[in-house]
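> Below is one structure. I have some questions about it.
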Amino acid sequence: AADRARGAMSTAKPWRSTTKSRVLHKPIRVGCITDTSGSMVAYEKVVAEFAWLTSTAGRTVNARVAALTYGDTVYPVVLPAEIPTHVRRFAADGGTERFDEAAAAITQYLGLNVDDGSAKVLFNFSDGNYVVVDEPERARLWLQQWTRSGTTVVWVGCHNYHRRLYEMPGVIFTDKMTLDTLVPELSEILRNVT
């Protein structure tokens, strides 16, 4: 068409066939849920920055990303397909931790309960001290469901006393609570998952 538009004879060869190529990498889903109960007050800044960093970085690799906070209520920090323009910091002043509600929401947003071959990672920033009745047991059930569906769960900052409640295959624990120490470790985890 370009040749004809300039009055020249076309030398282009017509297409003879089409070929299909497969994408060589898996789709990626990354979730970040952060405990904003009062016991997490020292980590407000780092969890807000990490949620923003995860969401922003996820976009560069075409990942589906979502982030939520959970305390007395559950708040969306970054919804799927949303591009955050700034760090959204939530006060860690809750008297409880609505982990069960946050787990249900992030699972729905990202399809973490479906084993569809995608690379799925969920970061949970929490000390693990859940005070709502049956919340620790509900957390264990969510961890089991996620790991069965192929989601790698990275639990950041769980106190050793509470960690024994949640230890199971497919759940990785880290105590790194600054971005300088956390990002390199989690980058390596992400490389291994994808």
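The values are calculated or read from the model by the stated rules, or taken from the named source; none is laboratory data. Remember, it's a predicted structure, so these values are computed and weren't measured experimentally. Note that we place each Cβ from the backbone using ideal geometry, even for glycine, and neighbour counts take in every protein chain shown. Ligands, DNA and RNA are stripped out before the accessible areas are found, and what is left, the full protein with its side chains, is counted by its heavy atoms. Shrake-Rupley method; radii C 1.70, N 1.55, O 1.52, S 1.80 Å.
> Which angle from 0 to 90°, rounded to the nearest 10, does the C-alpha axis of helix 44-60 make with the longest principal axis of the chain?
So the inclination is approximately 20 degrees.
> If you don't mind, there's one more thing I want to ask. Can you list residues whose amide H is under 5 Å from C32's amide H, if they're 5+ apart or on another chain and H is modeled 1.01 Å from N?
Amide H to amide H, under 5 Å and 5 or more residues apart or across chains, C32 pairs with A66, A67, L68, F123.
> Using mean Cβ contacts within 10 Å as the protection proxy, how do 79-90, 26-37 order, highest first?
Details: 79-90: 13.4, 26-37: 23.5.
Ranked from most to least packed, the peptides come out as 26-37, 79-90.
> Taking the 0 to 90 degree range and rounding to the nearest ten, how far is the long axis of helix 179-193 tilted relative to the main principal axis of the chain, both from C-alpha atoms?
Helix 179-193 sits at roughly 60 degrees to that axis.
> Roughly how tilted is helix 99-110, in degrees to the nearest 10 and between 0 and 90, from the longest Cα axis of the chain?
With rounding to tens, the tilt is 0 degrees.
> Additional query: Arrange the peptides 136-145, 99-108, 46-55 so that the one whose residues have, on average, the most other Cβ atoms within 10 Å appears first.
46-55, 99-108, 136-145
> Further question: Share of antiparallel DSSP beta bridges in the chain, in percent to the nearest 5?
Taking every DSSP beta bridge with both residues in the chain, the antiparallel ones total about 15 percent.
> Here's another thing I want to ask about it. Could you work out how much longer the chain between L165 and Q145 gets when fully extended? Use 0.36 nm per residue separation minus the Cα distance between them, nm to one decimal.
Here the segment from L165 to Q145 would lengthen by 5.6 nm.
> With the full set of protein chains in place, find how many percent of the accessible area of the chain is carbon and sulfur; take the probe as 1.4 Å.
Values: 5940 of 10920 Å².
Taking all protein chains in place, the chain shows 54 percent carbon and sulfur surface.
> Using just the helices of the chain, give the 222 nm mean residue ellipticity in deg cm²/dmol: DSSP H runs with n ≥ 4 each add -39,500 (n - 2.57), and the total is spread over all residues, rounded to 500.
The helix contribution divided over the chain gives -11000 deg cm²/dmol.
> Shifting gears a bit: Which of the aspartates and glutamates could a cross-linker bridge to K26, judged by Cα under 12 Å and excluding same-chain residues fewer than eight apart?
Of all the aspartates and glutamates, those that pass the test against K26 - Cα under 12 Å, at least 8 places apart if same chain - are D116.
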